[in-house]
Structure formats: structure tokens, C-alpha cells
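Following: one structure in C-alpha cells, then a few remarks.
The values are calculated or read from the model by the stated rules, or taken from the named source; none is laboratory data. Bear in mind that the values here come from a model prediction, so they are computed numbers and not experimental data. Glycine also receives a Cβ, built like all others from the backbone with ideal geometry; neighbour counts cover every protein chain displayed.
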Amino acid sequence: MRIIHHKPTLRTAIASLRSAGKIALVPTMGALHEGHLTLVREARAVGAQVVVSIFVNPRQFGAHEDLDAYPRQLEADAALLAQEQVAILWAPGVEEVYPAGYATNISVSGVSEGLDGAARPGHFDGVATVVCKLFNQVQPDFALFGEKDWQQLAVIRRMARDLDMAYPLVENIIGVPTAREKDGLALSSRNAYLTTQEREQAPILAAAMREAIAAMEGGAAVGPALALVQDKLLAGGFSSVDYVALHDADSLTPLTELGKAPARLLVAARLGKARLIDNMAVRPLG
């Protein structure tokens, strides 16, 4: 596995790698866990040479968020990726991605609004901008993202379509199902912020979501089912709930009742120093 920090070297390496076949990109911010490695394995499964990027993107962190505290462990991450037969680890510095005088920002309206877009103003502008740059730098045939960040996935897909990104990439932005611990907790780098007690409390999130989904699919009204999730989280030790919402799975339009299109239950809540997000599919009626 080659570890590359500068764009000219990356361009040469990508040109050489392309002669060996299609390329799949797995963008990450490092602090890798089994969820990330699942993305890498899925990338290999599509028959592609795998490039993983590690870049803690300052533009997607708010003024009072955890940019400085976000875990950085490049050496350990590189060892994990080498074991997974990754071809290239693209690990640029901030100045390589945003050089002096950088002045361009990408904003995706619609799917970026509400949910984390409301809770974290400017976050998805930062996501769209850096992912667009990564796509241009690596020029992959496939890109893989975890479904845990469902709104992020929707933003990236919309950005790729709207900017006419090259086929086949625009058709091959692949969402991979959320990797979970045995007790249901979605894997996340931010789980490292949880204390031992908080880690015992954290599975309440997934359990409450499943209970609400079963209720809605069984005919219960949406409003009370969503309120049930919030009540269980607050009673279970979560300090606050940013949102509990039902949205159309594709457009992310808010829903007040189940229809005939796939829906998604999305939740964000705070437990100690960690802000946990999760989402799950809700079957349509009929």
C-alpha cells in the first residue's frame, strides 16, 4: 500500500493504478473502525482497486464542535488498511486540500436542509466541497459511503448528479448498510468519547428506534411514535435530543404519516461528550 500526501504524486499513482482496472474510493476522516473496513471490503467486492482517503475536514466542523479533539491515528489506520489490501492511502494535509487563497464552496440545497443541516449550520457545505475535491483528485469509478450518515449520502448523490460528474461515478455512489455492535449501537469514531457507563446506555438509541418503527409499521400514528423515541432517550440518560424525524428516504422530505414510498427514521442525540446519530428504514404501506 502506498501512503501519499501530495497531489502530484497522487495523480501519477492513480494513472498507474487505473491500468490495473477500475478504482473505488472510500472517503474517511480516519480513526478507522469495523464500519470503515466494511466499506473497504465492499469496495473490493465490486472488483476495484481501492483508494482510501483520510482527511479531517475542517470545513465540516462548526465553531464549537470537536475538530481539535477529533481522533487522529494515521499510523494505526494505515496498518489496518494495509491488511485489507488497499492500494493507496491518500492522506493530504489541510494546506494540500485548501491552499492559500482557496475561495470556493459547494452548497447543496434541499436535501441538506433540516436534520443535521439545521443542527450543524454549514456542515454539509463542507462535506459537499471536500467530497467533490476528493472525487476530482482520485477520479474513481465507484465511491462507497456508510448509510449511517444517510443525509450526507443524499447530499453527495445530489451533488454528483447536479454537477454532471462523470459516468459511471454518478451512478455508482454506493450506500453500505450501517455496521453495528452486537447490542445494536451503530459503529462510529465518536463512540470513543463514551464513558463505560455511557457505552452501556448507548444501545437505548437503536432499541427505541426499532420499537417506534414496529409501532408505525403496525399502524400507529407517526407523531406519538417519534415522541416515544425522545422520551426513552431522555429517560435512559441522554442529555438532549437534536431531532427524531421521519423523512422520505430519497428526497428527505419530512413525513407526518407513512405513504407508499420508502421512509427513513433519523435520530440525533447527545450522550455525555458524544453526539450519536442513527437512521433505519421504515417500510412503506401496502
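Descriptive notes on the structure:
- Ala31 being over 14 Å from the mean Cα position of the chain (by Cα), crowded, with 16+ Cβ neighbours inside 10 Å and touching a residue at least 24 places away in the same chain (Cβ under 8 Å): no
- Test: Val97 is surrounded by 18 or more Cβ atoms within 10 Å (Cβ to Cβ), within 14 Å of the chain's Cα centre (by Cα) and closer than 17 Å to Gly30 by Cα: no
- Taken over the stretch 158-169, the residue count meeting the criterion of being within 17 Å of Val111 (Cα to Cα) and touching a residue at least 24 places away in the same chain (Cβ under 8 Å) is 5.
- Residue ID - surrounded by the most Cβ atoms within 10 Å (Cβ to Cβ), chosen from residues in the stretch 1-22 that are within 26 Å of the chain's Cα centre (by Cα) and farther than 19 Å from Ala166 by Cβ: Ile4
- Answer residue from the stretch 248-268, given it is within 16 Å of the chain's Cα centre (by Cα) and not β-branched (Val, Ile, Thr) and is farthest from Ala202 (Cα to Cα) among those: Asp250
- Check on Val86, in contact with a Leu (Cβ under 6 Å, 6 or more places away or on another chain), farther than 18 Å from Gly126 by Cβ, of a type in the set (A, V, I, L, M) and in contact (Cβ under 8 Å) with a residue 60 or more places away in the chain: no
Conditions (1) among the small types (Gly, Ala, Ser); (2) out of contact with any strand residue (DSSP E or B) (no Cβ under 7 Å at 6 or more places or on another chain); (3) outside the structural domain of Gln49 (by TED's automatic domain parsing); (4) modelled with pLDDT of 95 or more, marked per residue:
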{"position": "Pro71", "(1), (2), (3), (4)": "no, yes, no, no"}
{"position": "Trp90", "(1), (2), (3), (4)": "no, no, no, yes"}
{"position": "Glu95", "(1), (2), (3), (4)": "no, yes, no, yes"}
{"position": "Asn105", "(1), (2), (3), (4)": "no, yes, no, yes"}
{"position": "Val108", "(1), (2), (3), (4)": "no, yes, no, yes"}
{"position": "Leu115", "(1), (2), (3), (4)": "no, no, no, yes"}
{"position": "Gly126", "(1), (2), (3), (4)": "yes, yes, no, yes"}
{"position": "Val130", "(1), (2), (3), (4)": "no, yes, no, yes"}
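- The set of residues from the stretch 1-50 being outside any helix (DSSP H, G or I), closer than 11 Å to Ile88 by Cβ and among the polar types (S, T, N, Q) comprises just one member, Gln49.
- Within the stretch 267-286, residues that are farther than 13 Å from Lys148 by Cβ and assigned to a loop (DSSP other than H, G, I, E, B) have Cβ atoms under 9 Å from residues that are modelled with pLDDT of 95 or more and among the β-branched types (Val, Ile, Thr) in these pairs: Gly272/Thr195; Lys273/Thr195; Arg283/Ile213, counting only partners at least 6 apart in sequence or on another chain.
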